[in-house]
Amino acid sequence: ITTTDGKFYEAFPEVGAGYGAGIAAQPGASVAVRYTAICGFLVEEAVGTYEITNDPWADFGEGATTEVTAVSDTELAIEYSIPGFNPIVLTVNPADNSVTVPIQPLGDYGNWPYGVVSAESMPGNNNFINPCDGTIRLDLRYTVSAGSFGNYVLELRKVN
C-alpha cells in the first residue's frame, strides 16, 4: 500500500500482522480489508428467496429459506421466520453496498419475560450486500428494554 505522502507499507507482510497490538480491540476498528466490488446494487436483482447460511441468534435456523422484498430503491425487507414478527428492514448504500439496520422492533416471543426484542446493525464494515455472489451479511445487536443480548451475525445467500 502506498499512502498519499509516498510511504510504502506491505499489505500482507510475511512476518504476520501488519498492525500493532490491541488495534483490533479499539471501538469501531477492524483489521479486515473489504474491497468494493464492481457489482452494483440494484434492488430488483436483490429481491427473491434466500437461504440462511449463518444464524447464531437462531430465529431462522441455518438452511432455512426466507423472502427478501423491496421496500424502496435502497431498502430491503427480510421476512421473519416467526409468525407475527416484523421483517428486518435494511438500507443499502449503493455507492459501496454497505448496509445499515436502524433499531427496529421485531416482536415478542410470547412466553419469555423480556417483552419485545429489537434489532439494529452494529457500526463498522461487517454489514453489507454483495450483489456479485448474492449474499447479505448483517451484524445485529438484539435488545429488549432491560438491555442487550449482544450481537450476532446473520448471513443469507440468494437461491433464486
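The values are calculated or read from the model by the stated rules, or taken from the named source; none is laboratory data. All figures in this text were calculated on a predicted structure; none of them were measured in a lab. Positions of Cβ are generated from backbone atoms using ideal geometry, with glycine treated the same way; all protein chains shown enter the neighbour counts. Note: areas computed on protein heavy atoms with side chains; ligands, DNA, RNA excluded. Shrake-Rupley method; radii C 1.70, N 1.55, O 1.52, S 1.80 Å.
Here are some notes:
- Residue list for the stretch 102-155, restricted to those being in a strand (DSSP E or B), in contact with a Gly (Cβ under 9 Å, 6 or more places away or on another chain) and not small (Gly, Ala, Ser): ASP108, VAL116, VAL117, ASP139, ARG141, TYR142, VAL144
- Between TYR114, TYR109, TYR80, the distinction of being closer than 27 Å to GLU45 by Cβ and of a type in the set (Ser, Thr, Tyr) belongs to TYR80 only.
- Only listed residue being touching a Lys or Arg at 6+ places or on another chain (Cβ under 7 Å) and either in contact (Cβ under 8 Å) with a residue 12 or more places away in the chain or surrounded by fewer than 13 Cβ atoms within 10 Å (Cβ to Cβ) (or both), chosen from THR74, THR65, THR53, THR69: THR53
- Given (1) open to solvent by less than 50 Å² (accessible area, probe 1.4 Å); (2) in contact with a Leu (Cβ under 9 Å, 6 or more places away or on another chain), number of the condition ASN126 does not satisfy: (1)
- Any chance VAL92 is among the β-branched types (Val, Ile, Thr) and closer than 19 Å to PRO56 by Cα: no
- Selection count where residues are aromatic (Phe, Trp, Tyr) and modelled with pLDDT of 95 or more, scope the stretch 81-115: 1
- Of the residues making up the stretch 83-101, those that are in a loop (DSSP other than H, G, I, E, B) and either open to solvent by 20 Å² or more (accessible area, probe 1.4 Å) or among the small types (Gly, Ala, Ser) (or both) are PRO83, GLY84, PHE85, ASN86, PRO87, PRO94, ALA95, ASP96.
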